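Structure first, then comments.
None of the figures in this text is laboratory data; all of them are computed from the coordinates on show. A quick note: this is a predicted structure, and the numbers were derived from the prediction, not measured. Glycine gets a Cβ as well: all are built from the backbone with ideal geometry, and neighbour counts include every protein chain shown.
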Amino acid sequence: MGNGDYLVYAMPRAGKIRTGRVRLICVLCFALTLVFLMLPAWTAGMETKAVAATSSAPASSTGAGSFRAAQGRSHQDVPVTGGSKTQRADAKKYLKKWGKYSWIRFVKFQKSGHSGLTTLYSDGTAGIVISSKVTGKKLRQVLVHEIAHAQHNWIYAGNWAASIKAFKSVFGKGKGQFGPLENAADCSTQHLTKSKANLAYKKKGCSAKELSHAKKLAQGYRI
Ligand SMILES: [Zn+2]
């Protein structure tokens with residue numbers, strides 16, 4: 001149905017730059033795509049924040065264990081555009097409740113073949129697009145899944161290789177290159193909303209152990 005979620009990666013942290021766009025095989029509701037972009041100058045302030053968030057992490061490790069990210073962008077500063085008044089109000093509510101450890105550039109409601117689409121940037125920030133057709137409880141589940149991608153990207157400061165590696169061992173490899181990120185986002189969604197509804201990758205829900213890791217991530221810790 002082309003109704004997936006979509007993840008976009010910006011410039012990789014170290015050297016290896018992949019070009020083009022990788023589209024995941026999307027099962028139901030979510031899509032994740034990675035796009036590599038040069039970061040515009042206006043992100044300089046955010047990069048500083050992301051760097052600050054990682055400054056206490058050991059340079060030679062993924063920072064697993066005690067590393068905790070700084071709080072990201074205030075929910076009040078995230079522009080939420082498009083969609084209905086109710087959709088925007090819902091989005092703001094979820095950003096306030098669950099977006100503490102993230103730096104989200106925007107949330108846009110627009111016509112889209114994907115329920116949710118997240119672009120991850122290598123500075124640890126993220127941008128979210130939600131299909132205008134998604135409302136109600138599904139909107140909550142889809143948007144929280146996308147916020148979780150943003151949260152994870154912030155906590156790992158845009159170091160996708162590190163997050164994929166860490167999540168693979170905890171949440172499973174899933175399908176495709178970004179399967180671990182999708183599994184992690186679903187477990188974070190279940191942990192945060194206490195609902196297994198609309199989970200596209202962990203359809204049967206996550207184990208208690210997986211949820212305990214999602215809880216740590218929700219508190220800003222790397223795992
Ligand atoms: Zn996703």
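How much length, in nm to one decimal, is gained on full extension between Ala197 and Lys96, taken as 0.36 nm per residue of separation minus their Cα-Cα distance?
34.3 nm
Test of understanding: what is the full-extension gain from Thr86 to Lys165, defined as 0.36 nm times their sequence separation minus their Cα-Cα distance?
Using 0.36 nm per residue and subtracting the Cα-Cα distance, I get 24.7 nm.
Arranged by the count of other C-beta atoms within 10 angstrom, fewest first, what order do Ser84, Ser188, Ser195 take?
Going from least to most buried by this count: Ser84, Ser195, Ser188.
At a 10 angstrom cut-off on C-beta neighbours, averaged per residue, how do the peptides 119-129, 200-210 rank from highest to lowest?
So the peptides 119-129, 200-210, ranked by packing, come out 119-129, 200-210.
Rank the residues Asp77, Asp186, Asp90 as a footprinting-exposure proxy: fewest other Cβ atoms within 10 Å of their Cβ go first.
Lowest to highest Cβ neighbour count: Asp77, Asp90, Asp186.
Under 5 Å between amide H atoms, partner at least 5 residues away or on a different chain: which partners does Phe67 have, H built in plane at 1.01 Å?
Those lying under 5 Å, H to H, from Phe67 are Arg222.
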